[in-house]
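Undergrad: Quick one: structure below, then a few questions.
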Amino acid sequence: MSNVNRFDVITIFPEYLAPLNLSLIGKAHSSGLIEIGIHDLRAQTTDVHGSVDDTPYGGGAGMVMSPEPWGKAIDAVAELAPDEIHELIVLTPAGEKLTQDLAQTLTKSKHLIFACGRYEGIDVRVSDYYATAKNFKVREVSIGDYVLGGGEVATLVIMEAIIRLLPGVIGNSASLDEESHTLTKDGDTLVEYPNYTKPKEWRGLEVPEILLSGNHGEIAKWRLEQALIRTNLRKESP
Ligand code: SAM
């Protein structure tokens, strides 16, 4: 078994995943903290057009992604991490909603495979098949209640939420402790307190005096109060 988390993305638009080369994720990848593979679904097609979709059974508008290239692509990618349980993330607006808690759970998975849908989505038999396949787990995941053109942007969002939580990816891991949406000891989730930096006064707006006091106990108390106020405001106007 490998120690690093491996992420494989299957898409018809590999170029869409270019931002994975940047910033924290780019550094984590180039320093060997994680492994990333981007795979073109069309490489698994057999016809001259590289067709990956067909008309929906039952009629209706749009096209549905065919199961055969998906099955071949997922099987091929599973061979890249043969000793791991493969967690197949099928992106769909109908899936379980991404939360900080889910991102945290997914950090424990050593091999994540992201299936980026396009058109009307992927034939549901792909999820159904791998849900009972040996060494696979399937999760259908949504990043929110709206419809994107494809799963690539959703994959970038989910990967970033997971990868920044992995040990060694963020220089100062203490900065993860008090973040928004992280579970507290009491099992609540709060959004973070407001942040300020220099200068002390900007366009007539002052930094709260308490933050300049050096009294760490009082600052912690103030920050907790502010976090509670912001959390409650959010609940009132979701
Ligand atoms: N016909 C689908 C429906 O109404 O549920 C929408 C298909 S959407 C145009 C094409 C693809 O974009 C989906 O298969 C999925 O991979 C991705 N997608 C769109 N919205 C998404 C969301 N909110 N979360 C995750 N993936 C999404």
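The values are calculated or read from the model by the stated rules, or taken from the named source; none is laboratory data. Remember, predicted model here, so these are calculated numbers, not experimental data. Neighbour counts are summed over all protein chains in view; Cβ atoms, including those assigned to glycine, are modelled from backbone coordinates with ideal geometry. Please note that ligands, DNA and RNA were not included when accessible areas were found on the heavy atoms of the full protein model with its side chains. Shrake-Rupley method; radii C 1.70, N 1.55, O 1.52, S 1.80 Å.
Undergrad: Going from the alpha-carbon gyration tensor of the range 100-147, what semi-axes, largest first and in whole Å, does one get by taking the root of 5 times each eigenvalue?
TA: Ellipsoid half-lengths, sorted descending, are 19, 18, 8 Å.
Undergrad: Run the simple label-point estimate for Thr55 and Leu176 please: 7 Å along Cα→C-beta, distance reported in nm.
TA: Computed distance between label sites Thr55 and Leu176 equals 5.0 nm.
Undergrad: How many percent of all Cα-Cα pairs in the range 5-73 sit more than 19 Å apart?
TA: I get 48 percent for the Cα pairs in the range 5-73 exceeding 19 Å.
Undergrad: Using a 1.4 Å probe over the heavy atoms of the protein chains, calculate the carbon and sulfur portion of the accessible area of the chain as a whole percent.
TA: Within the chain, the accessible surface is 53 percent carbon and sulfur.
Undergrad: Please list, ordered by chain and number, the residues whose modelled amide H lies under 5 Å from the amide H of Ile122; skip anything fewer than 5 residues away on the same chain.
TA: Here the answer is Met65, since their amide H atoms fall under 5 Å of that of Ile122.
Undergrad: Can you show me the helix-derived [θ] at 222 nm for the chain, built from DSSP H runs with n ≥ 4 at -39,500 (n - 2.57) apiece and divided by the number of residues, rounded to the nearest 500.
TA: -8500 deg cm²/dmol
Undergrad: Then there is this: For the chain, what is the accessible area per residue in Å², given a 1.4 Å probe and the full set of protein chains?
TA: Normalised by residue count, the accessible surface of the chain is 60 Å².
Undergrad: Now for a separate question. Work out from phi, with θ = phi - 60° and the Karplus expression 6.51 cos²θ - 1.76 cosθ + 1.60, the ³J(HN,Hα) of each residue of the range 117-123, listed in order in whole Hz, and give x for Gly and Pro.
TA: Using θ = phi - 60°, the values come out as x, 9, 6, 8, x, 9, 3 Hz.
Undergrad: Which ³J(HN,Hα) values, rounded to whole Hz and listed in residue order, are derived for the range 151-160 from phi using the Karplus coefficients 6.51, -1.76 and 1.60 in 6.51 cos²θ - 1.76 cosθ + 1.60 with θ = phi - 60°, glycine and proline given as x?
TA: Karplus values, whole Hz, x for Gly and Pro: x, 5, 5, 4, 5, 4, 4, 5, 4, 5.
Undergrad: Now for a separate question. Under 5 Å between amide H atoms, partner at least 5 residues away or on a different chain: which partners does Asn5 have, H built in plane at 1.01 Å?
TA: Counting only residues 5 or more places away or on other chains, the set is Glu35.
Undergrad: Taking the full set of protein chains and a 1.4 angstrom probe, give the accessible area of Val157 in square angstrom, rounded to the nearest 10.
TA: Result for Val157: roughly 60 Å² accessible.
Undergrad: Okay, next question. Please list Asp54, Asp8, Asp186 from largest to smallest accessible area, probe radius 1.4 Å, with all protein chains kept in place.
TA: The ordering from most to least exposed comes out as Asp186, Asp54, Asp8.
Undergrad: Something else: I need the Debye-formula profile for the chain: one equal scatterer per C-alpha, no solvent, reported as log10 I(q)/I(0) at q = 0.08, 0.12, 0.14, 0.17 1/Å, two decimals.
TA: With one equal scatterer per Cα and no solvent, log10 I(q)/I(0) is -0.40, -0.78, -0.97, -1.26.
Undergrad: Okay, moving on. Over the chain, what is the relative contact order in whole percent, taking alpha-carbon pairs under 8 Å and six or more residues apart?
TA: For the chain, the relative contact order is 20 percent.
Undergrad: Please list, ordered by chain and number, the residues whose modelled amide H lies under 5 Å from the amide H of Val141; skip anything fewer than 5 residues away on the same chain.
TA: Under 5 Å from the amide H of Val141: Val90, Leu91, Thr92, Glu96.
Undergrad: Under a Cβ-only charge scheme (Lys and Arg +1, Asp and Glu -1), can you give me the dipole magnitude of the range 111-181 about the Cα centre, in debye to the nearest 20?
TA: Value, rounded to 20: 380 debye.
Undergrad: A follow-up question, please. Show me, for the range 14-30, the HN-Hα J-couplings you get by feeding each phi into the Karplus relation (A = 6.51, B = -1.76, C = 1.60, θ = phi - 60°), rounded to Hz, glycine and proline as x.
TA: x, 5, 4, 8, 3, x, 5, 7, 9, 6, 4, 5, x, 5, 4, 5, 5
Undergrad: Also, I was wondering about something else. Students often get this wrong: which residues of the range 130-146 have the backbone nitrogen under 19 Å from the point 7 angstrom along Cα-to-C-beta of Ala76?
TA: It comes to 130, nothing else.
Undergrad: For the range 97-238, rounded, prolate or oblate, judged on the Cα gyration tensor with a ≥ b ≥ c (square roots of eigenvalues), a/c < 1.5 rounded, else prolate if a/b > b/c?
TA: Note, shape of the range 97-238 comes out prolate.
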